[in-house]
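The values are calculated or read from the model by the stated rules, or taken from the named source; none is laboratory data. Note that this is a predicted model, so its numbers are computed, not measured. Neighbour counts are summed over all protein chains in view; Cβ atoms, including those assigned to glycine, are modelled from backbone coordinates with ideal geometry. Ligands, DNA and RNA are excluded from the accessible area calculation, which covers all protein heavy atoms including side chains. Shrake-Rupley method; radii C 1.70, N 1.55, O 1.52, S 1.80 Å.
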Amino acid sequence: RLKRRNVTNKGGLRLPFFTVGMTERFYMPLMDDAITVIATGAKITTSGASASIAIPLDFSGNIPRYIRVGATAPACIRIGGAGVTATTNDTQLQPGDSQMFTVNFQTTIAAIQVSGPGQVQISPLENI
């Protein structure tokens, strides 16, 4: 018979703890790594010149702590204040790849193509 109780590991993470009979025990991870996206994101069409837009606000109307950025073609991005520009020496995203970035109270994101035009999509993340 399977019995469940929650335990906290050394890092403070709560995990469901299961016992089967008297001797077998195992942990089952929770879905704590899932992201929540509620607010509408934004898109940059990349070209040979840097293009920038305001980082989309979260559902509460605030600058998000984190954003998810994806690309349809190789692109380089930079997060910063107003007037930020991206160069081909900045953080590179690959096609179909997405990464989460800390915003650190910055307001603008810029992108530039690496080899051909594409789109960079930015989504503000909630509750992280």
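Matching residues to (1) farther than 29 Å from Ser115 by Cβ; (2) open to solvent by less than 70 Å² (accessible area, probe 1.4 Å); (3) at pLDDT 90 or above:
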position	(1), (2), (3)
Thr19	yes, yes, no
Phe26	yes, no, no
Ile38	yes, no, no
Lys43	no, no, yes
Ser47	no, yes, yes
Ile53	no, yes, yes
Leu57	yes, no, yes
Asn62	yes, no, yes
Arg65	yes, no, yes
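The set of residues in the range 83-117 being of a type in the set (S, T, N, Q), open to solvent by less than 70 Å² (accessible area, probe 1.4 Å) and in a loop (DSSP other than H, G, I, E, B) consists of Thr87, Gln106, Thr107. Restricting the first member to the range 51-65 and to residues that are more than 16 Å from Phe101 (Cβ to Cβ), and the second to residues that are among the charged types (D, E, K, R), the beta-carbon pairs closer than 9 Å and six or more apart or on different chains are Phe59/Glu126; Ser60/Glu126.
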